[in-house]
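One structure is given below, encoded as structure tokens.
The values are calculated or read from the model by the stated rules, or taken from the named source; none is laboratory data. The structure presented is a predicted model; accordingly, all values stated were derived computationally and were not measured. Note: ideal-geometry Cβ built from the backbone for every residue, glycine included; neighbour counts use all protein chains shown. Surface areas here come from the heavy atoms of the whole protein model, side chains and all, with no ligands, DNA or RNA. Shrake-Rupley method; radii C 1.70, N 1.55, O 1.52, S 1.80 Å.
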Amino acid sequence: MSKENGVIYRISGPVVTAVGISPRMYEVVRVGNEGLMGEVIELHGDQSVIQVYEETSGVRPGEPVVRTGQTLSVQLGPGLLTKIYDGIQRPLPELEKTMGVFIKRGVDADGLDLEKIWSFNATAKAGDSVSSGDILGTVQETKTIEHKVMVPPGVSGKIKSIDSGEFNVTQTVCTLEEGAEIQMMQKWPVRTPRPFTKKHAPEVPLQTGQRILDFLFPLAKGGTAGIPGPFGSGKTVTQQQLAKWSDADIVVYIGCGERGNEMTEVLDEFPHLMDPKTGEALMNRTTMIANTSNMPVAAREASVYTGITIAEYFRDMGYDVALMADSTSRWAEAMREISSRLEEMPGEEGYPAYLSSRLAEFYERAGRVETLAGGDGSVSVIGAVSPPGGDISEPVSQGTLRIVKVFWGLDAGLARQRHFPAINWLNSYSLYPPSLDQWYRDNIKSDFPEIRTEISALLQVEAELQEIVQLVGSDALPVDQQLTLEVARMIREFFLQQNAFHDVDTYSDLKLQYNMAKAILSFQEESKKAIAGGAALEDVVNVPARTDLMRGRFESGYEDKIDEMLEAMNKQIAETMEAN
Amino acid sequence: MTGKEYRTITDVKGPLVFLNKTEPVAFGEIVELRLTDGTLKNGQVLDTSDDQVIVQVFEGTASIDKQTGIKFLGDVFKLPVSTDMIGRILDGAGRPRDGGPAIVADEMADIIGAAINPYSRQSPSSFIQTGISAIDACTSLVRGQKLPIFSASGLPHNDIALQIARQAKLVGSDDDFVVVFCAMGITAEEYNFFVHDLERTGALENACLFVNLADDPAVERLITPRLALTAAEYLAFEHDYHVLVIYTDMTNYCESLRQIGAAREEVPGRRGYPGYMYTDLAMLYERAGLVKGKKGSITQFPILTMPGDDITHPIPDLSGYITEGQIVISRELHQKGIYPPINVLPSLSRLMNAGIGDGKTREDHKSVSDQLYAAYAQGRELRGLVAIVGEDALNERDLQLLKFADIFENQFLRQSRDEDRSISEGTLDYAWELLSNIDTKYLVRLDQKWIDKYHPTDKKE
Ligand SMILES: Nc1ncnc2c1ncn2[C@@H]1O[C@H](COP(=O)(O)OP(=O)(O)O)[C@@H](O)[C@H]1O
Ligand SMILES: [Mg+2]
């Protein structure tokens, strides 16, 4: 292998063709005098086609190309959390140290800090028989997360020696009788899913604190969701809300081909935000990948694989992991760009014919699994989609919707009215409720699913009534239908709208969501009674206690006050009857 | 490196020249072409291999023949930069256009511009007062933001851009902006309009212009904004300037990009534009911002005209996906005689939340802005309904909202071209005054505590 004398034959943007080497598909190679990192993506004849993860200007035909024998892999072990990486797992703070604020090229950096000493606490002991995925010991990686050191895939045997103590990630912590030496760091090729024992059906919701998501269109732990929407409709804010508030153990956030400032924002904010579950900074459970729109496209293509491999690794420890990819469309575009340089036969809108299978393979890496060690772990995947012009008939949206089980459809019209989250309640859906309903009955309230159904039904009825209103005005409707419109307005303005930037409103737990929904139905019921008893709709709607109940959601401690406020409202509504 | 001249052109297609049998040529290398009549042209390598090299010619390929001599200059495109650029007018390739001397380089800067490490960025959060109520109240601009103007032909986007350039200031600071202006394919008339205005206000001395006009080579437009941004980066990050980059018209830039794509017979993306246009635009727009440890900043105001007034056209669409919001100019408002005809509903500033509020603008700013939006959006919607069912079918609330939409357009939006409204009195207090045309009980977006403090009639003294 080392005797091969590879040279560049051609350079076209991020795609370089080399001759004189016979690498394997997806092998990492070093390109040019500066040793730029690249990956072999096509072999034909004596030519190897390479996508290069760094800028190629100034590189010339005739410069050397060297094989590494490795496929594109990530380093896995203690030290992943709180980090921010580029698409090929180079830590951005390290890059800053070596090259300043602008990313130059030709610099290598390890994904893990190889020097850092961790306290390894052995939980397995000499004489134990262990196999792939079994847990050998733990390391307190951050304040809240205990890292489980596992037997790497493909290794098994009887433990000869294992020691607790202070180690860096490349030192041996455990030796097997057969001679295998195990370190805290393992490597895994990003394009290959990590193994597990079997997949389970998801039956626990991923609680996000976002009312419209949790209540109407829930995602399961281990499930998949797509958020398509035009620019400015709220994809990123929604993804960030999920990263902040969802009750996953670990969050992997991939900024794939999007804005630099959005990543900075997360970096600034997360260390100061408290995880409602642990009371510690959210950063403790978070890993970020930032390959922004102006960074090399080939590394953008790799970024989602880097992210999902890290997610699977934590899943294998028995954690619930949530992964956000913002935006999968930029990933697809990176594939398109590379494919077109390869002069491949294009499919729809210039995307490669394999687009939908790549999307499917990616989302297939989500799931709730029995881990090799016999534990229970999950990866939930939430992908933003950026359809051109907001029109989801395009290939990436369609390819995504065929696979994911939850569709949160963002709507430019709602965003324009500043109805946030701008998720269209009429066309969004979740296929999970049937498998989650038992959980809600057991853990929140026995009639939770029925309340949800009532709320969605009211929204449907509103949509039908609105069509009539557009023709005749609302005053022409019978009073019971006018009341229905008011109830639906309450659902929209009080329940569905949720301000991500408001300290209190930003998060509602499931119990509170349930109570708010009940309050709306209670308003409907009491108003019906009052109107039947002679009260005027206008009076019923305008009782001050209803405004208090609705504004109350912006005040802390609302969950303790809502019952009282509801009672006050019902009382005032009943009084409107007597006034008449 | 600068030695050999090749005469090995095989094909000429659109703006591209294909040649073979060269020594190894670098990707992105700069090329000099000498025509048989002695004329010099410049180009850049787009594809290079042992057998064939593809060169994009900035000045177009007119008169090039197989006898044309080609020299590879050994390096990628670099711009001589220095603070002497301030007060100068340069052409689309960075050469003096004002009759002045060549720029004496303090440094030769690579025009592609390396990506800012996302970890090294600093979040923009200093409010810039533009003095235009629609922008300051509803789509507030912050220093380091990239906020394009989405306009269309025949609309006064240039007036708005100039008004912003004249009036933009940080409240309570006298740091001045340096303007870097980049013209891409605009008409001489438009260009003169800009220059005269900058001259009139003395801003020209504090500006650096890169000019490619409609009759200048179209392919050159692909480098003009890169030169402008390279200059901007130098001034901001080497010399602590706050730079305001105005570039117009991005639509012409994208047309040139499409032309190159077509000549290369690339598989086109939507509506014939190259599939990599998003990435290409990002490599311009993302050169805005603030970075840790540097005092300067780059704020960008790209102007683009939406073909067919269509915001879903790939040019505004891909831009909107990258920029931090957009200011949308409306033909309808313009036709009603309202200046500035900004439609705030589809407009957005994504960095607004970071730049406003207590200690930055005013504590009630967010609330007021939400309420203005909500009331105006509903009022506009009601206009449609009234056209069908008449005003009689409206209840009291709807009537008030309907009326408010007119008030908002005619009083809040409308201001003159030299009217510079302060954020607190000129814009926010004025907004309260106009909102008081609606009963307080319908103003559900306003916090009670702000009503108590700022409402002109319901205020608790
Ligand atoms: N839940 C929300 N609460 C409040 N504002 C929101 C919410 N979602 C979106 N927004 C507003 O919409 C703007 C655009 O949202 P963003 O997520 O950046 O859109 P996208 O990623 O789809 O382009 C944000 O800057 C913010 O002002
Ligand atoms: Mg976004």
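Here are the numbers for this structure:
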{"item": "Every residue from the stretch B:102-133 that is within 14 Å of another protein chain (Cβ to nearest Cβ), in a loop (DSSP other than H, G, I, E, B), open to solvent by 20 Å² or more (accessible area, probe 1.4 Å) and not small (Gly, Ala, Ser)", "result": "B:Ile112"}
{"item": "Residue in the stretch B:143-152 that is out of contact with any Gly (no Cβ under 9 Å at 6 or more places or on another chain), farther than 19 Å from B:Gly92 by Cα and open to solvent by less than 20 Å² (accessible area, probe 1.4 Å) present", "result": "yes"}
{"item": "Residue within the stretch A:249-257 that is within 22 Å of A:Tyr432 (Cα to Cα) and within 12 Å of the chain's Cα centre (by Cα) present", "result": "yes"}
{"item": "A:Thr278, sole failed condition from (1) polar (S, T, N, Q); (2) more than 9 Å from chain B (Cβ to nearest Cβ); (3) within 21 Å of A:Thr71 (Cα to Cα)", "result": "(3)"}
{"item": "Filter result (within 25 Å of A:Tyr305 (Cβ to Cβ), in contact (Cβ under 8 Å) with a residue 60 or more places away in the chain and either away from ligand 1 (no atom under 16 Å from the Cβ) or among the hydrophobic types (A, V, I, L, M, F, W, C) (or both)) within the stretch A:242-280", "result": "A:Leu242, A:Ala243, A:Ala248, A:Asp249, A:Ile250, A:Val251, A:Val252, A:Ile254, A:Cys256, A:Met263, A:Leu267"}
{"item": "Hey, B:Tyr253 in contact with a strand residue (DSSP E or B) (Cβ under 8 Å, 6 or more places away or on another chain), assigned to a helix (DSSP H, G or I), modelled with pLDDT of 95 or more and within 14 Å of chain A (Cβ to nearest Cβ) or not", "result": "no"}
{"item": "Any hit, the stretch A:204-212, residues being away from ligand 1 (no atom under 16 Å from the Cβ), polar (S, T, N, Q), in contact with a helix residue (DSSP H, G or I) (Cβ under 8 Å, 6 or more places away or on another chain) and not in a helix (DSSP H, G or I)", "result": "yes"}
{"item": "Test set (1) in contact with a Pro (Cβ under 7 Å, 6 or more places away or on another chain); (2) among the hydroxyl-bearing types (Ser, Thr, Tyr); (3) assigned to a loop (DSSP other than H, G, I, E, B) - A:Ser339 fails condition number", "result": "(3)"}
{"item": "Listing of helices (runs of 4 or more DSSP H) fully contained in the stretch A:365-447 that carry 1 or more residues being within 14 Å of chain B (Cβ to nearest Cβ)", "result": "A:395-401, A:412-416"}
{"item": "Sole exception among (1) among the small types (Gly, Ala, Ser); (2) within 14 Å of chain B (Cβ to nearest Cβ); (3) more than 12 Å from ligand 1 (Cβ to nearest atom) for A:Ala220, by number", "result": "(2)"}
{"item": "Criterion (open to solvent by less than 70 Å² (accessible area, probe 1.4 Å), at pLDDT 95 or above, within 14 Å of chain A (Cβ to nearest Cβ) and in contact with a Phe, Trp or Tyr (Cβ under 7 Å, 6 or more places away or on another chain)) met by exactly one of B:Ala431, B:Ala405", "result": "B:Ala405"}
{"item": "Strands (runs of 3 or more DSSP E) enclosed by the stretch A:37-101 - at least 2 residues per element that are within 14 Å of chain B (Cβ to nearest Cβ)", "result": "A:47-52, A:64-71"}
{"item": "Residues (crowded, with 22+ Cβ neighbours inside 10 Å and farther than 21 Å from B:Gln371 by Cβ) located in the stretch A:412-424", "result": "A:Ile423"}
{"item": "Hits in the stretch A:501-555 - residues which are away from chain B (no Cβ under 14 Å), part of a helix (DSSP H, G or I) and open to solvent by 30 Å² or more (accessible area, probe 1.4 Å)", "result": "A:Lys511, A:Asn515, A:Lys518, A:Glu525, A:Glu526, A:Lys528, A:Lys529, A:Ile531, A:Ala532"}
{"item": "Out of A:Ala422, A:Ala353, A:Ala384, A:Ala412, sole residue that is over 20 Å from the mean Cα position of the chain (by Cα), among the small types (Gly, Ala, Ser) and within 16 Å of ligand 2 (Cβ to nearest atom)", "result": "A:Ala412"}
{"item": "Candidate set from the stretch B:32-77 (those that are more than 9 Å from chain A (Cβ to nearest Cβ) and small (Gly, Ala, Ser)); member that is surrounded by the fewest Cβ atoms within 10 Å (Cβ to Cβ)", "result": "B:Gly38"}
{"item": "Contacts under 8 angstrom Cβ, first residue in the stretch A:409-422 being more than 15 Å from A:Asn499 (Cα to Cα) and of a type in the set (S, T, N, Q), partner in a helix (DSSP H, G or I) and open to solvent by less than 20 Å² (accessible area, probe 1.4 Å), 6 or more apart", "result": "none"}
{"item": "Count of residues meeting criterion [closer than 20 Å to A:Asp505 by Cβ and near ligand 1 (Cβ under 6 Å from one of its atoms)] in the stretch A:226-241", "result": "5"}
{"item": "Filter result for A:Thr286 (away from chain B (no Cβ under 13 Å), over 24 Å from B:Leu348 (Cβ atoms) and under 13 Å from the mean Cα position of the chain (by Cα))", "result": "yes"}
{"item": "From B:Ile315, B:Ile329, residue being more than 16 Å from ligand 2 (Cβ to nearest atom), more than 13 Å from chain A (Cβ to nearest Cβ) and either aromatic (Phe, Trp, Tyr) or open to solvent by less than 20 Å² (accessible area, probe 1.4 Å) (or both)", "result": "B:Ile329"}
{"item": "Extreme residue, nearest to the chain's Cα centre (by Cα), among residues of the stretch B:343-393 that are within 18 Å of B:Leu434 (Cα to Cα) and more than 16 Å from ligand 1 (Cβ to nearest atom)", "result": "B:Asn343"}
{"item": "Lone unmet requirement of (1) out of contact with any Phe, Trp or Tyr (no Cβ under 6 Å at 6 or more places or on another chain); (2) within 30 Å of B:Tyr241 (Cβ to Cβ); (3) basic (Lys, Arg) for B:Arg271", "result": "(2)"}
{"item": "Residue within the stretch B:287-302 that is crowded, with 24+ Cβ neighbours inside 10 Å, of a type outside the set (Gly, Ala, Ser) and in contact with a Phe, Trp or Tyr (Cβ under 6 Å, 6 or more places away or on another chain) present", "result": "yes"}
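Residue-wise test of (1) at pLDDT 95 or above; (2) in contact with a Gly (Cβ under 6 Å, 6 or more places away or on another chain); (3) of a type in the set (Phe, Trp, Tyr); (4) open to solvent by 30 Å² or more (accessible area, probe 1.4 Å).
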{"position": "A:Trp118", "(1), (2), (3), (4)": "yes, no, yes, no"}
{"position": "A:Leu136", "(1), (2), (3), (4)": "yes, no, no, no"}
{"position": "A:Met150", "(1), (2), (3), (4)": "yes, yes, no, no"}
{"position": "A:Lys158", "(1), (2), (3), (4)": "yes, no, no, yes"}
{"position": "A:Ile162", "(1), (2), (3), (4)": "yes, no, no, no"}
{"position": "A:Thr172", "(1), (2), (3), (4)": "yes, no, no, yes"}
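Let's see how each residue does on (1) within 8 Å of chain B (Cβ to nearest Cβ); (2) within 13 Å of ligand 2 (Cβ to nearest atom); (3) among the β-branched types (Val, Ile, Thr):
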{"position": "A:Gly232", "(1), (2), (3)": "yes, yes, no"}
{"position": "A:Lys235", "(1), (2), (3)": "no, yes, no"}
{"position": "A:Gln239", "(1), (2), (3)": "no, yes, no"}
{"position": "A:Lys244", "(1), (2), (3)": "no, no, no"}
{"position": "A:Tyr253", "(1), (2), (3)": "no, yes, no"}
{"position": "A:Gly257", "(1), (2), (3)": "yes, yes, no"}
{"position": "A:Glu265", "(1), (2), (3)": "yes, yes, no"}
{"position": "A:Glu269", "(1), (2), (3)": "no, no, no"}
